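Every read-out reported here was derived from the displayed coordinates using simple, explicitly stated rules and does not represent laboratory data. For clarity, every value in this text was computed on a predicted model and none was experimentally measured. Virtual Cβ from ideal backbone geometry, glycine too; neighbours counted across all protein chains shown.
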Amino acid sequence: MTNQLIVISGPSGVGKGTIVKLLTEKLGCALSVSCTTRPPRTGEVDGKSYFFITKEKFLKLIEENGLLEYSEHFENYYGTPRAFVEETLRFSDVILEIEVDGALQVKKAYPEALLILVVPPDMQALNERLYGRGTENAPHIQERISRAEYELSKKNEYDFTVVNDVLEDAVAEITEIIKSRKYKE
Ligand code: 5GP
């Protein structure tokens, strides 16, 4: 039985952060902490939420092949540190919570990676969650909604799509997908 590289994507506001937190607690798998050039939001902790780094440092990491994947969106860079993932996979499953372009890069490099897309019940629900969250202003929310439409259009590239309507049900469904795939090997 080999350890799995699990990629969870989904539009901003779909609730994937909460899902991923519950999954890591339930399954005991490791969560990769990404690097980003975006500034921290209130309450975010460096080294835990993200590694908040400068654009110069990010470009250097790309140059040194230090990232497993990366993408630029919302005018910032986001990327997965390669060393943590490769080392941790030797003894544990690893979850990446990343957007769709990065997820597809991972699938190319690791065809055995498990790609799960978390989707909202409908766009109305996503709008309500984004406006209710209060972390972004209106133009940024619009940007995130257009991005959500793009992410949802890539659904067929994922191994599984899970609707997050009732949180516990979505977590249970993803747990089942991960476990059944693990024991099939
Ligand atoms: P936020 O700015 O709301 O924290 O994240 C914006 C988007 O960036 C989310 O869809 C999140 O999943 C994605 N993201 C976070 N870390 C990474 C990463 O390391 N690589 C990629 N490609 N996307 C990431």
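G17: net charge of surrounding residues, Cβ under 12 Å, Lys/Arg +1, Asp/Glu -1, itself excluded? That works out to +3.
Can you show me the helix-derived [θ] at 222 nm for the chain, built from DSSP H runs with n ≥ 4 at -39,500 (n - 2.57) apiece and divided by the number of residues, rounded to the nearest 500. Walk me through the numbers before you get to the answer.
On the way: 7 runs with 82 residues, N = 185.
Taken over the chain, the calculation gives -13500 deg cm²/dmol.
Placing +1 on the Cβ of every Lys and Arg and -1 on the Cβ of every Asp and Glu, with no other charges, gives segment 5-184 a dipole of roughly 300 debye about its Cα centre. As an exercise, use a Förster radius of 30 Å and the Cβ-Cβ distance of T2 and Y131 to find the FRET efficiency, rounded to the nearest 0.05. Step by step, r from the Cβ atoms, then E = 0.10. Evaluating 6.51 cos²θ - 1.76 cosθ + 1.60 at θ = phi - 60° for every residue in segment 70-84, the Karplus couplings come out as 7, 8, 10, 8, 6, 6, 9, 9, 9, x, 9, x, 5, 4, 4 Hz, glycine and proline recorded as x.
Within segment 37-64, what residues put their amide N at less than 15 Å from the label point 7 Å along the Cα-to-Cβ vector of Y150? In segment 37-64, the label zone of Y150 (backbone N under 15 Å from the point 7 Å along Cα→Cβ) covers no residue. Above 29 Å, the calculated P(r) of the chain contains 18 percent of its Cα-Cα pairs.
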